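Taking it in order: structure first as structure tokens, then the write-up.
The values are calculated or read from the model by the stated rules, or taken from the named source; none is laboratory data. Not measured: the values here are computed from a predicted model. Here Cβ is always computed from backbone atoms with ideal geometry, including for glycine, and neighbour counts include all displayed protein chains.
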Amino acid sequence: MKLISYVALNMAMVTPAFAQDTVMFDPDIVHEAKDGVVRLYGAGGPHTALQKVADLWQEQTGGAVAITFGPEPKWSQQAQADADIIWGTSEQSMTAFLETYKSFSSDQVMPIYLRPAIIAVKAGNPKSITGFDDLLAEGIKVVVTEGAGVGNTSGTGVWEDVAGRTGSLSDVVGLRKNIVAFEHGSGAGFKAFTDLDADAWITWPDWTSRNPEKIEAVAFSPDRAIWRDLNVALAPDADPEAQAFLNFLVTDEAQSLMKTEGWTR
């Protein structure tokens, strides 16, 4: 069996000021994907669930999968050169990717999983936060993830969607007053949550499932629920095994593994 190449790119400890900053298409890079390895690139978060699926697929087939993740500037040039698959952590983030990775096109994008936004709180939930209304309380410190027009992140606009979900402007005003950090990526958001001793972080369930010793998840009520998808795009010149891996990624076996980190179909 071929060994996995698993590239950890400073997922949770990236410098907040520079995480996920916008990158550009480089016309001098020639895309050549066929090298016998299925190479996936995307933002940190889904990578651990994807790796679980890749491990099983490699065990069953003997194929090789390399998953590279983290802030986009860390892997962008390499992905422009050899990506078989790119994954997006929301539709808006994939749309932004397509501006840079010209070997891929919108008609190749396939949404494959969904997950809901959640409130991450400190382990033990010392502030007894049970839902959105608690985020409006005096003195509550909230961290959100926000591309701010310069970063590509799944969290862009999510806090506003949650706050404005019921049509109450005062909810948007109230939440905004309590936001202590707008971070350009989920890794930076996690770091800010810790560094600023915040009480809540609007994020995704995969982060709490991977860090139970530090944070736990509080669900939004159905009237506040916001979902974003995990989507993939396959390069036209991808290794032949890449399509086989994508097919496996939505099998019942794969769904069971993805569900451990909050991803559902």
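Just one of 154, 106 is among the small types (Gly, Ala, Ser), within 21 Å of residue 72 (Cα to Cα) and outside the structural domain of residue 211 (by TED's automatic domain parsing); which is it? Please lay out each step first, then the result.
Working: 154 fails: outside the structural domain of residue 211 (by TED's automatic domain parsing).
Being among the small types (Gly, Ala, Ser), within 21 Å of residue 72 (Cα to Cα) and outside the structural domain of residue 211 (by TED's automatic domain parsing) holds for just one of 154, 106, which is 106.
Would you confirm whether any residue within the range 113-122 is under 12 Å from residue 199 (Cβ atoms) and surrounded by fewer than 23 Cβ atoms within 10 Å (Cβ to Cβ)?
At the first step, the residues of the range 113-122 found to be under 12 Å from residue 199 (Cβ atoms) are 119-122.
Next, from what is left, pick out any that are surrounded by fewer than 23 Cβ atoms within 10 Å (Cβ to Cβ): 122.
Yes - at least one qualifying residue is present in the range 113-122.
In the range 25-68, which residue that is modelled with pLDDT under 95 and hydrophobic (A, V, I, L, M, F, W, C) is nearest to residue 209 (Cα to Cα)?
Among those residues, the one meeting the criterion is 43.
Results for (1) of a type in the set (Val, Ile, Thr); (2) within 19 Å of the chain's Cα centre (by Cα); (3) surrounded by 15 or more Cβ atoms within 10 Å (Cβ to Cβ); (4) not assigned by TED's automatic domain parsing to the domain that holds residue 31, shown as yes or no for each residue.
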{"residue": "183", "(1), (2), (3), (4)": "no, yes, yes, yes"}
{"residue": "186", "(1), (2), (3), (4)": "no, yes, yes, yes"}
{"residue": "208", "(1), (2), (3), (4)": "yes, yes, yes, yes"}
{"residue": "212", "(1), (2), (3), (4)": "no, yes, no, yes"}
{"residue": "244", "(1), (2), (3), (4)": "no, no, no, no"}
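Can we say residue 89 is polar (S, T, N, Q), in contact with a Gly (Cβ under 8 Å, 6 or more places away or on another chain) and either at pLDDT 90 or above or farther than 26 Å from residue 145 by Cα (or both)? Spell out how you get there, then give the answer.
Working: polar (S, T, N, Q): yes; in contact with a Gly (Cβ under 8 Å, 6 or more places away or on another chain): yes; either at pLDDT 90 or above or farther than 26 Å from residue 145 by Cα (or both): yes.
Spelling it out, residue 89 is indeed polar (S, T, N, Q), in contact with a Gly (Cβ under 8 Å, 6 or more places away or on another chain) and either at pLDDT 90 or above or farther than 26 Å from residue 145 by Cα (or both).
Restricting attention to the range 128-137, which residues are closer than 19 Å to residue 205 by Cβ, in contact with a helix residue (DSSP H, G or I) (Cβ under 9 Å, 6 or more places away or on another chain) and part of a loop (DSSP other than H, G, I, E, B)?
Within the range 128-137, 129, 131 meet the criteria.
For the range 193-204, enumerate the residues that are within 26 Å of residue 263 (Cβ to Cβ) and either outside the structural domain of residue 157 (by TED's automatic domain parsing) or surrounded by 20 or more Cβ atoms within 10 Å (Cβ to Cβ) (or both).
Once the filter is applied, which keeps residues that are within 26 Å of residue 263 (Cβ to Cβ) and either outside the structural domain of residue 157 (by TED's automatic domain parsing) or surrounded by 20 or more Cβ atoms within 10 Å (Cβ to Cβ) (or both), the range 193-204 yields 193, 198, 200, 201, 202, 203, 204.
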